[in-house]
1. What are the residues in segment 230-246 that are assigned to a loop (DSSP other than H, G, I, E, B), in contact with a Lys or Arg (Cβ under 9 Å, 6 or more places away or on another chain) and either closer than 29 Å to VAL110 by Cα or among the polar types (S, T, N, Q) (or both), if any?
2. Inside segment 66-114, can you point out the residues that are within 30 Å of GLY53 (Cβ to Cβ) and among the polar types (S, T, N, Q)?
3. Just give me the residues in segment 267-317 being without any contact (Cβ under 8 Å) to a residue 40 or more places away in the chain, among the charged types (D, E, K, R) and not in a helix (DSSP H, G or I), in sequence order.
4. Given the conditions (1) within 23 Å of ASP274 (Cα to Cα); (2) surrounded by 12 or more Cβ atoms within 10 Å (Cβ to Cβ), report the number of the one that SER6 does not fulfil.
5. So if I check each of GLY215, GLY195, which one is surrounded by 18 or more Cβ atoms within 10 Å (Cβ to Cβ), closer than 22 Å to VAL101 by Cβ and of a type in the set (Gly, Ala, Ser)?
6. Which ones in segment 211-229 are in contact with a Ser or Thr (Cβ under 9 Å, 6 or more places away or on another chain) and part of a loop (DSSP other than H, G, I, E, B)?
7. Consider GLY23 carefully, then state whether it is assigned to a strand (DSSP E or B) and not basic (Lys, Arg).
Amino acid sequence: MARAQSVPPPPPPSLLDVMGHYGSGLTEVVVYEDGGLLAAHTEGRTLRLRRTGSRSYAVSGGPPWVGDRLDFLPDSGRATTIHLGRYTLGRRLVGPADGQVFRIAPLRPVAEVLREARTARSPHGPGRQRPDLVDVQRLVPHVVLDVRYATPRNFMGVPLYPEARVILQRPAAQSLARVQQDLARYGLGLVLYDGYRPWYVTKAFWDATPPEQRGFVANPGDGSKHNRGCAVDLGLVALQTGEIVEMPSAYDEFTSRAYADYPGGTSRARHFRDLLRRTMETHGFAVNPTEWWHFDFRGWRDYGVLNTPFEGVPVGR
């Protein structure tokens, strides 16, 4: 298997037990693994940690309130608290548990929101370029599909598409085929979560999502790149085993762990996240800063917002 750089090994369990988010009020410290060692991040600064005891660390590089010592409690098992400077900070639960799907608490019943969205009229006109939508599976060999919006395993908790297909404008799909070819050199391939999305689904997302979480969904007044068939949600899969590759957050997780530059998690997860981003950027895609999985194709401005129901999209070969 070729490598652009060596893949970091998984961290030891002793580090996994203490990694995570700790906070009180507006104060938050992110403890993560970097090169097999422990590090932390707060207020835009990286704290350098040097182990001095079983769960005690000398600290340097932090803001004045941090002090020079960090202690994890309890002394064994999963840490629930840290003592740092004059602060005692409890562990914060961020995102879903491993293997679980992130869910919002909808503002209104999802069925009601969807029914209203289907009858709403999109305020957007056609684009300069005529749509040429294609089924990505026809152009990208061996791509894996995990279309969550065709199942209840999504943040809304109900199926939104009648079938599991990923559809894109032809130039975007052709570029994605080149991404897949490049990744194969590393023994990796793409798993696709979403592509074209009718405008009414974007409106339903917005209307159902609490205001404080709307930074993770597109405003229907602006229209989404997904509505143009020029955005794709994806991750990596190991070709040899078929397993989904670890990333710093789950797909469609509305938390800071989803940010493209999130400093936490493991070296291994950040390695694969950054490899995916570099490869996508090489072939004309740009990452969404708040979603490591979301990439916009460079030609999206040429296409208008579409509101054709998913099952009614004429798909070219």
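The values are calculated or read from the model by the stated rules, or taken from the named source; none is laboratory data. All values reported here derive from a predicted model rather than from experimental measurement. All Cβ positions, glycine included, derive from the backbone under ideal geometry; neighbour counts span all protein chains shown.
1. CYS230
2. Hits for segment 66-114 are SER76, THR80, THR81, THR88.
3. ARG298
4. All conditions pass for SER6, except number (2).
5. Result of the check over GLY215, GLY195: GLY195.
6. VAL217, ALA218, ASN219, PRO220, GLY223, SER224
7. yes
Residues are listed down the side, and each one gets a yes or a no for (1) of a type in the set (S, T, N, Q); (2) in contact (Cβ under 8 Å) with a residue 12 or more places away in the chain:
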position: VAL7; (1), (2): no, yes
position: GLY35; (1), (2): no, yes
position: HIS41; (1), (2): no, yes
position: SER60; (1), (2): yes, yes
position: LEU70; (1), (2): no, yes
position: ARG78; (1), (2): no, yes
position: ARG86; (1), (2): no, yes
position: ARG91; (1), (2): no, yes
position: GLY99; (1), (2): no, no
